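To start, the structure under review is shown below, and the notes come after it.
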Amino acid sequence: MEPDGEAAGDEDPGDTEPAGKAPGDEPAAARPGEDEPGTGKQADDRADGDKQEAVGADSGKQDAVGADGDKQADAPAASEEPADPFNAFAPEPEFVPSRFGRVTRRSRSGLARFFAHEWTLAALGSVLLAAAMTWPALQHPATTIPQDIWDPTLQAWQMSWAGHILTTDPLQLWQANAFYPNQYTYAFSDTLLGYAPAGMIGSGPEAAIVRYNIIFVLIFAFAFFGAYALARQLGAGRTGAAVAGAAFAYAPWRLGQAGHLHVLSIGGIALALAMLARGHGFSLRRGYEPEKRRWGWVLAGWLVAAWQISLGFGIGLPFAYALLIAVLASAVTWGYKHLRNRGAGRRPFGWKLLFANLGGGLVFVAVSAMMAYPYRQVLNQHQEAERSADIIGLFSPPLKGLFISPPESWLWGDAYANARSTLGWAPEMALLPGFFLYGLAFAGLFVSTWRLQHRILLGVGVVGTAMLAMGTNGPGDGDFGYMALYRVLPGFEGIRTSGRLMVWVTLFLALLAAGAVSAFAERAVELFADRTQSDVGNQAGVWRIVTLIPLVLVLAEGIHQRGPNPTVPAAPVAMSTVQGPVMVLPSSELFDMNVMLWSTDGFPKMVNGGSGFTPSNQEILRLNMEQFPDEATVTQLREMKIRTVVVLRDEAAGTPYARAVDAPIDGLGITRTEQGDVITYKIDG
């Protein structure tokens, strides 16, 4: 996105192209970065030859028509009226289809072009690959859920709540039904608000589970497609871009985050960067090309970035700061060039592009502010929500963690079992992005389609973001890395796990690998053509298949250990009719996530709730309710206006809440009813 000058008052060269044109739509023979270099001239030669042959054929056809005309003139007319001799020299009347025929023919050709387009094939391929790589997520989508039954059920509730409240009472979005009587409870963890449109489809726990499984598959597809688009825009060939997509979407460390939908949702980062680069006419291979600027792509890039930030700040906050750095760097670069060329009347881009950046940037800032306000209120009201340096240190991975695979990896999981046991908290510290990816990225420092300065910058990006991801284990106990950001930048005090910055390490590695694989693919085809003296485009198919080996290796590292997804506990029948405010016993951070999912059938207000932190008033009430029912707990519930307590007999057995199953209630002013496994207490007002 490096700005350059153009004469003041000139029209933006990109203002005339339709905004719907996808990156890389220029003809394959004229577009650099393809896997078939050198074929453009050959294709032109073949086209010229075909054209000459066609001209000769047309000439022959005209001679034949003339001969036929002479023959018709000499022969007697077949009909009673003599034939017009001049008709013999006129072309046959062209067939003119009806309006319906013209429409259907255009529709057929348009559909054929659409389904054969690179971006359509990339999108469909991404979805099919995601369905295969995440299997069995879609095997029983209404009853099972990936990874475990804790965080995924919380996130299923989050999507359901957003869809429900935005269609009923949008002003109460942040005042969720869980964690009663606290405020801004929807901001107790990353919200996944951007998936609210999906949450508007269906209702109840079963619909929430189906919705979660579908989104779970699609986010892998989106990550692959986003990285593919970014690599292609920057100048990689198709094979190199596919390697980048596979590395970004299926890096082994992401397998350990299968229960964290907000961590997996990274496709918007890569796609927004691709769109912004496309709109500003920037690529790593060709540099800055002002004539390719498109304001529509710039606006679309900012909108995708705003959608990405709406999914949560755990991944979105570093992305926001990355965009800010890019904007500042572009402004400084343009300012330097403007001063150097003072008096030349040059400006960085046309007015449409300027307003697209301003408008899109304002939308991004507005969404970020809308998301930041409730999170700031949560931090102000709950000191326990702020992440101390000690907590960050507890989850900071050591350097060796970047070379240790999570147990979910089919290829490396078992081999690194002993190494994982040496990590303090393996789920957040086993952060291997892939050994094959490391090798390809290292090769990309020396052999690549990218320019040398860009390779160096990508390498610096890998090292810099890796040090940030190490948190307190970075240089100077993190004082020269993550902890400096923690102390200076707003928002970082609410992020617990520095290791999730591996998103950026993986992206930089993927782009380095894409440059290397693209160079290998081009060189392999060129060597084949040189040695065989044959047509590259027609006879190098086997060599192109060989260049797919890096893609297969990277995907192999992303295969997870096959196993049945856990079955989600069914909601008790009583949960569909209970009136809030209510408290369900037993209550704990993990079990309450199941209760939140059950509450999607009606969304009654409830004390229960699980998130990244536990509010102090909820923790105190949980402790007190171990004595329920007694006079003290009943009085406390009355003061809090909680009129219903639901006890799950089987779940309470063997816990401190077992007393609530059959304790005496005489003189407490409450009534007890039983319905199967569920015991319901009603507290008189």
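The values are calculated or read from the model by the stated rules, or taken from the named source; none is laboratory data. Source: prediction; values computed, not measured. Cβ coordinates were reconstructed from backbone atoms using ideal geometry, including for glycine residues, and neighbour counts include every protein chain displayed. Heads up: the accessible areas ignore ligands, DNA and RNA and are worked out on the full protein's heavy atoms, side chains in. Shrake-Rupley method; radii C 1.70, N 1.55, O 1.52, S 1.80 Å.
Things to note:
- For region 185-201, the set of residues classified as surrounded by fewer than 21 Cβ atoms within 10 Å (Cβ to Cβ) and more than 23 Å from the chain's Cα centre (by Cα) is empty.
- Given (1) in contact with a helix residue (DSSP H, G or I) (Cβ under 6 Å, 6 or more places away or on another chain); (2) basic (Lys, Arg); (3) surrounded by fewer than 20 Cβ atoms within 10 Å (Cβ to Cβ), index of the condition Arg293 fails: (3)
Here's the yes/no breakdown for (1) outside any loop (DSSP other than H, G, I, E, B); (2) within 30 Å of Arg238 (Cβ to Cβ):
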{"site": "Gly125", "(1), (2)": "yes, yes"}
{"site": "Pro141", "(1), (2)": "no, no"}
{"site": "Tyr186", "(1), (2)": "yes, no"}
{"site": "Ala208", "(1), (2)": "yes, no"}
{"site": "Ile215", "(1), (2)": "yes, yes"}
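- Tally, over region 639-669, of residues that are open to solvent by less than 70 Å² (accessible area, probe 1.4 Å), touching an Asp or Glu at 6+ places or on another chain (Cβ under 8 Å) and either within 21 Å of Val595 (Cα to Cα) or modelled with pLDDT of 95 or more (or both): 2
- Exclusive hit being modelled with pLDDT of 95 or more and more than 18 Å from the chain's Cα centre (by Cα), set Leu218, Leu234: Leu234
- Checking Leu432 against (1) in a helix (DSSP H, G or I); (2) farther than 30 Å from Trp295 by Cβ, the condition it does not meet: (1)
- Subset of region 133-148 that is aliphatic (A, V, I, L, M) and under 23 Å from the mean Cα position of the chain (by Cα) - its residue that is nearest to Thr614 (Cα to Cα): Ile145
- One residue stands out in region 203-231 among those that are touching a Phe, Trp or Tyr at 6+ places or on another chain (Cβ under 8 Å) and aromatic (Phe, Trp, Tyr): the one that is nearest to Gln155 (Cα to Cα), namely Phe220.
- Residues (open to solvent by 10 Å² or more (accessible area, probe 1.4 Å) and closer than 20 Å to Gly580 by Cα) located in region 623-638: Asn624, Thr635, Gln636, Arg638
- Matching entry among Tyr195, Tyr184 (being on the phi > 0 side of the Ramachandran plot and aromatic (Phe, Trp, Tyr)): Tyr184
- Residue match in region 592-601 (condition: assigned to a loop (DSSP other than H, G, I, E, B), open to solvent by less than 10 Å² (accessible area, probe 1.4 Å) and polar (S, T, N, Q)): yes
- The single condition among (1) in contact (Cβ under 8 Å) with a residue 40 or more places away in the chain; (2) within 26 Å of Gly163 (Cβ to Cβ); (3) outside any loop (DSSP other than H, G, I, E, B) that Ala258 does not meet is (3).
- Identity of the residue in region 670-685, open to solvent by 30 Å² or more (accessible area, probe 1.4 Å) and in contact (Cβ under 8 Å) with a residue 60 or more places away in the chain, that ends up farthest from Ala632 (Cα to Cα): Gly676
- Subset of region 367-385 (residues that are in contact (Cβ under 8 Å) with a residue 12 or more places away in the chain and hydrophobic (A, V, I, L, M, F, W, C)): Val367, Met371, Ala372, Val378, Leu379, Ala385
- Only one of the numbered conditions (1) assigned to a helix (DSSP H, G or I); (2) within 14 Å of Glu651 (Cα to Cα); (3) open to solvent by less than 10 Å² (accessible area, probe 1.4 Å) is violated by Met575, and that is (2).
- So Ala156, is it open to solvent by less than 20 Å² (accessible area, probe 1.4 Å) and among the small types (Gly, Ala, Ser): yes
- Residue satisfying all of: in region 143-173; in a loop (DSSP other than H, G, I, E, B) and acidic (Asp, Glu); nearest to Asn565 (Cα to Cα) among these: Asp148
- Scanning region 110-144 for residues being open to solvent by less than 60 Å² (accessible area, probe 1.4 Å) and among the aromatic types (Phe, Trp, Tyr) gives a total of 1.
- Check on Ala247, open to solvent by less than 10 Å² (accessible area, probe 1.4 Å) and not in a helix (DSSP H, G or I): no
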